[in-house]
Amino acid sequence: MSTGYLALRERVAWLDLSSRGKLRVTGDDRVRLLHAMTTNHIEQLKPGQGCYAFFLNAQGRILGDVNLFCFEDHILLDTEPETRQPLFAHIERYIIADDVTIEDETDRICTIGIEGPEAATVLTRLGGPLPNAPYSTTAWATRTAARLSSTGSDGYFLFAPAEEKADLFDLLSDAGAVGASPNDARIVRIEHGRQRYGEEITDRHLVQETDHLHAVHFTKGCYVGQEIVERVRSRAQIHRVLRRLEIETSDVPAAGEKLKSGEAEAAVIASAVFSPAMGKTVALANVRVQYADPGTELSMAGIRARVC
């Protein structure tokens, strides 16, 4: 087991998340526009608050996800590296006569994750603030601390000027955090069943096929793709849902491998890793709804698996 992996699970580690997209949205119409484009209730947010949201197309398919943070004079959208440019272009297309400006701040702002059971202890040791509510933010000198995690562990994001990144790594290491690799983070994320847009969630998915329904406000009114979301909700018409699986093998299956219930196809692997702590494979899979209840037994080429 690597030191970074153990730190994420048992203590605290820092992660360089600076490749994540940071889009700054300003202008008097910014709240109205983003409220009409995303699945969550943006108009009710106050400075210092935030939420998680999806951008959808007109067919209700997911174009990308964002951690959205409200500030006095702007909204910051934190998104996956893969969706940085597509979401920028998507939002820009909807700016017609609106007083809205969108800027890509990714290269000017570094993002550092502080994640693990002792994340709050390390941030306090550095004299940093502890925003308590999910997706809330607090200013810290030239930095902003946000309450969220990329792996599903306890954690915080730090947004800071890019030139401060190396110094922050040193400060975090001195305070007891260990540097963790992207592979360490991916293993812990899948162990926790935390889905990521670009790997498990794609533009083929409908909102209800994910476990991220906290991204959706079902009574907020119209937004792009809302009609499909409401139709699926009212008719309960989905055929698959993303679920975490435990598979009794150390041989990690590739994405696309299928699992069965008896002779019936039941699930398709989206991502999988070997968990050193559990001594078996854990996976995220698209599971047919009739086999998606926790505890359901499946098989993959004769190997036992279980829906968690």
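Quick notes
- Long-range HN-HN contacts of LEU63 with modeled amide H, under 5 Å: PHE55, LEU56, ASN57
- Relative contact order for the chain, counting Cα pairs under 8 Å that sit 6 or more residues apart, in percent: 20
- Charge tally in the Cβ shell below 13 Å around ILE112, where Lys, Arg are +1 and Asp, Glu are -1, ILE112 excluded: -2
- Under 14 Å, Cβ to Cβ, from GLN85 - net charge with Lys/Arg +1 and Asp/Glu -1: -3
- Using only side-chain charges placed at the Cβ, +1 for Lys and Arg and -1 for Asp and Glu, the dipole size of segment 3-189 relative to its Cα centre rounds to 500 debye.
- Kirkwood radius and radius of gyration were both taken over the C-alpha atoms of segment 239-308, and their ratio Rg/Rh is 0.92.
- Environment charge of HIS192, counting only residues whose C-beta is closer than 10 Å and scoring Lys/Arg +1, Asp/Glu -1: +3
- Dipole check for segment 239-308: with +1 at the C-beta of Lys and Arg, -1 at the C-beta of Asp and Glu, and the Cα centre as origin, the magnitude is about 160 Debye.
- Tensor-based shape of segment 131-186 (alpha-carbon gyration tensor, a/c under 1.5 rounded, otherwise prolate or oblate): oblate
- Mean residue ellipticity, 222 nm, helices only, the chain: the sum of -39500 (n - 2.57) across DSSP H runs of n ≥ 4, divided by residue count and rounded to 500, is -6000 deg cm²/dmol.
Just so you know, all these numbers are worked out from the coordinates, no wet-lab data involved. Just so we're clear, the structure is a prediction, and the values are computed from it rather than from any experiment. No Cβ is skipped: glycine too gets one built from the backbone with ideal geometry, and neighbour counts run over all protein chains shown.
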